[in-house]
Each structure stands twice: as structure tokens, then as C-alpha cells.
1. Out of A:ASP33, A:ASP51, A:ASP42, report the one residue that is charged (D, E, K, R), buried (at least 16 other Cβ atoms within 10 Å of the Cβ), in a helix (DSSP H, G or I) and not assigned by TED's automatic domain parsing to the domain that holds A:ALA135.
2. Got a sec? Which of B:LEU275, B:LEU216 is closer than 20 Å to B:LEU91 by Cα, touching a residue at least 60 places away in the same chain (Cβ under 8 Å), out of contact with any Lys or Arg (no Cβ under 6 Å at 6 or more places or on another chain) and not acidic (Asp, Glu)?
3. Please work out if B:LEU164 is not assigned by TED's automatic domain parsing to the domain that holds B:GLY245 and not in a loop (DSSP other than H, G, I, E, B).
4. Inspect the range B:192-207 for any residue being assigned by TED's automatic domain parsing to the domain that holds B:VAL271, small (Gly, Ala, Ser) and without any contact (Cβ under 8 Å) to a residue 60 or more places away in the chain and give the result as yes or no.
5. Are any of the residues in the range B:151-166 in contact with a Ser or Thr (Cβ under 8 Å, 6 or more places away or on another chain) and farther than 23 Å from B:ILE36 by Cβ?
6. Just to verify a result, which residue in the range A:1-28, among those that are within 11 Å of chain B (Cβ to nearest Cβ) and in contact (Cβ under 8 Å) with a residue 60 or more places away in the chain, is farthest from B:VAL30 (Cα to Cα)?
7. Which members of the range A:29-48 meet the condition of being of a type outside the set (Gly, Ala, Ser), closer than 15 Å to A:MET70 by Cβ and within 12 Å of chain B (Cβ to nearest Cβ)?
Amino acid sequence: MTVAAPSPTMELHVKVNGESKTFTTSLNKSIFDVLRAEGYVDVKNGCLVGDCGSCAIMLDGRPILACCVMAPHCEGMEILTCAGLGRAGDLHPLQTAFLDHGAAQCGFCTPGILIAAKYLLDQNPKPTDDEIRAALAGNLCRCTGYVKIIDAVRDAAKKMNGKKKGVTKRAKR
Amino acid sequence: MLEKLQEYVTPKTIPEAIRLLRAQPRGSAVAINGSIDVHWPRLQNARRFVDTSRLGLSYIRETKTHLKIGAATPIEDIVQSKACARFAGGLLREAALTLVSPMRRCETSVAALIINVARTIDLLPALMALDGSVVVHGTSKRSLALRDLFAGKGRTVLDRELLLEVVIPKPKAKTGTALERHALTPSDAPMLMTAVTVRTARGKVEQATIAVGGGLLFPMRALKLEKEIKGKPVDMGVFACIAHGVGDHIQPINDARCSADHRREVCRVLVRRALTRAAGLGDAR
């Protein structure tokens, strides 16, 4: 029996949550493998086959499943994980809404859902409930707490729209 | 995972990408667009991945006669595209949305679905029903109808050729389209699905295309039945008869979702509904 030679290593240059990083990785790894190895534990290991949405991250402003994207493909790109959405004391409205609504039960699927919800609100600031459900169709919650999640996304959208309106009014004055 | 992979190259030009694909034996070099799917067996034996995401092949262009979709275009771009929304009654957009996860739509390219003969979303049969073709480049550039492309489960007839774009002719006036699928849930792989186009004039079918996919090893066109329906009256009885023929014509798979026999029956129902709707006779449910 022949054993395949180990996959060569490479240096990967990416920006993660606003910080420039250089990681050393085998080139047969997914970006999920790299991020987890580097301590980004908010990128969750759900199914590793692209079915559950737990490992969702933003890659150059678009949501992807980290387990299904090759690490070398991300060279020079910007990555945003759930932890990069806000900071302690300055949370993203989606994060605040999830807290307010108790939308995280065990919390395992939450990072992926926040990323999917952010993409939705980036594209469509006033989504209907059906549009929220469609946007979260790739994220599985095994606690089955979808109602609170949808409530939280709807609430965050309202708050973000209200904030934008306020800014416009002040600017007009 | 991907234990044999020794090289990951990201060419900047199409000739370079083709050279990198052709320098390896068949099956050893694989063009990808960055994302992978464990269900695609052709990736497992690859020694070299050729990343085609930086070749400028991500675009949707509408000309007077055609819609052209670059091979590296993410499925999400088809969903977002206004050109795709108005093209052929929105059939492409509707089919693209059957890949329900926005994350999957953002990372999966049109070429990935075609080259890996993806069965779980409805885009390939929709492209086939619209008479789509692919432009590929190996030793030379050539165009190939999608209906002639697939050779088996997860296999195409291409040999180390790079898929450049998908070209879809604009349907003629008075062409109706419809897509019908049967799945356990909207996000589940279909037991079977069909995409059809019907052009009518003076109460008769001038031309129809019928593509079936989902529960087959690879999607196919029912060319014999398409010939048969030509010139027949626009009538639900005729459509039921043709749909029955399509059910006989296909070779569905047996799997955990349902049996081949059940798929034949589902096919007859779906094709009848789709033809009825595309011909403007209303919802046949």
C-alpha cells in the first residue's frame, strides 16, 4: 500500500476581523480548519459538510461556509467572524437583539445565524418574516428555537432602520 | 480530506489555467472556484487544484439574442441579477433559489454545479430546458449543448477542458416556462424535478422542451416526447399523455428518499403540471 505524501504547507495572508494575519497551513485545509486552529472558536464545528451553517463567516463581504472553502482560496481576502461583528460594550444590533430575545439557546448555531442575518440586513434592511426565514434556511438550530431567532432579526432590523433615520434627520438639520 | 492534494494554484489568465489543467493526467488536476463539496467524488483523487476564481469569469451579460453567465459566477449572483429575474419568466432565478442556503449560493459557482453534475438543485435542468450550452477550452475552444455534456453520475464528457461560460438563447415570444419539483421540504434534494418551456400559436404547441432531473443519475431532455408534442393542440389531455411518456422514458434512481417506480409516477404528475402551467392553462394541481 502506498501512502500519499503529506500535503505541502503554505503561508496564508488574510485580514481577520480587521487584523492582518499570516497563518501557516497545509494547502489541503479548509479555511474552517485554519481559523479553528488559530483560536477563532466562534467559528463552530457543526457538520463539516456544508449542511448546518454553524461555521458561516463573511469572506470579502459575502457569507460562506468555512468548512467548504479551501484555505488557499482566501489568500489576500478579508474575513469577518461572528466575534468581529461587535465588541464587548459595543455590540452589533443583531447581537443585542439576540440577547434581548433570548434567541440563543445552547448557542452553538448562533454565530452562523448572526452572519447569515447580517448578510440579509446588508442586502435588505426591511425584510419580511418570510425573507428572514429564507435567509436563515441554511442554518440549522437543533434546539429548534427558530421563533425567537426570527423575532430577534426582525427587531434588529427595526432598530437599525430607526438608527439610520435618526442620523438622516440630524444631518438634515 | 483531500489527502492526495499536492498543489493549489491560482492562475491569473485563462491560457495559464488551461495549461495547468492539461499538464496532469485526466482526473488529477481539477478546476475549482474555491469551494468544495464532500459529495463531489472527483475532488478526492485530485493532486492539483486550479482555482479559477481570479480569471474574470464571474459575470452575467445580456445581449440581444443570449444571456451569458460566466463559469465562476456564484449562484447568488443569478438570484440577485435583474437580467436573470426577467429572463425566461424568471425560470433561472427560481431554479437558483432551490439552493436555499445563501452561504452555499455565495460560494458555489455555476461551473461547479455543471462539472460535478449536481443533482440537489434545479439549475441544470432549467438551463437544459432553455437550450443552454457551455463554452469550454482545452486544446481548442468549443461549444457543447448541455444536454450532450453529462456522461454519468458526477461525470461529464469533458477531458481537462476549462468551462468558460454558459450561453442561453433568449426564448422566442409567447414561450412560457415552468419549474416543478417534489421534495420533502423546500431545502431537501428533490425526489424529482422538471423544467419545461412551451411555445404556442393558434391553439397548438409550436415547440416545447422538457428537462427532468433530481432523481436521475444526471439530468436529461425528453427529446422524443418533445418531437411528439409539436403541432398538438394545447390541451390538458395531450399534456397528460406526453407526461406519461416522459415517465416511461426516464431512468430514475432508487434511494432512501423513494423508489424508482415512485419517481416515474412523480415525473408524470410534475411534467403534466409544468406543461399545463407553461402553456398558460393555469395551475393543474
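The values are calculated or read from the model by the stated rules, or taken from the named source; none is laboratory data. A quick note: this is a predicted structure, and the numbers were derived from the prediction, not measured. We place every Cβ from the backbone using ideal geometry, glycine too, and count neighbours over all the protein chains shown.
1. Unique residue meeting the criteria: A:ASP33.
2. Exactly one residue qualifies, and that residue is B:LEU275.
3. Considered against the rule, which asks whether it is not assigned by TED's automatic domain parsing to the domain that holds B:GLY245 and not in a loop (DSSP other than H, G, I, E, B), B:LEU164 comes out as yes.
4. yes
5. Within the range B:151-166, none of the residues are in contact with a Ser or Thr (Cβ under 8 Å, 6 or more places away or on another chain) and farther than 23 Å from B:ILE36 by Cβ.
6. The residue in question is A:LEU12.
7. A:LYS29, A:ILE31, A:PHE32, A:ASP33, A:LEU48
Residue-wise test of (1) within 27 Å of B:LYS170 (Cβ to Cβ); (2) surrounded by fewer than 22 Cβ atoms within 10 Å (Cβ to Cβ).
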position: B:ILE36; (1), (2): no, no
position: B:GLY56; (1), (2): yes, yes
position: B:ALA85; (1), (2): yes, yes
position: B:LEU91; (1), (2): yes, no
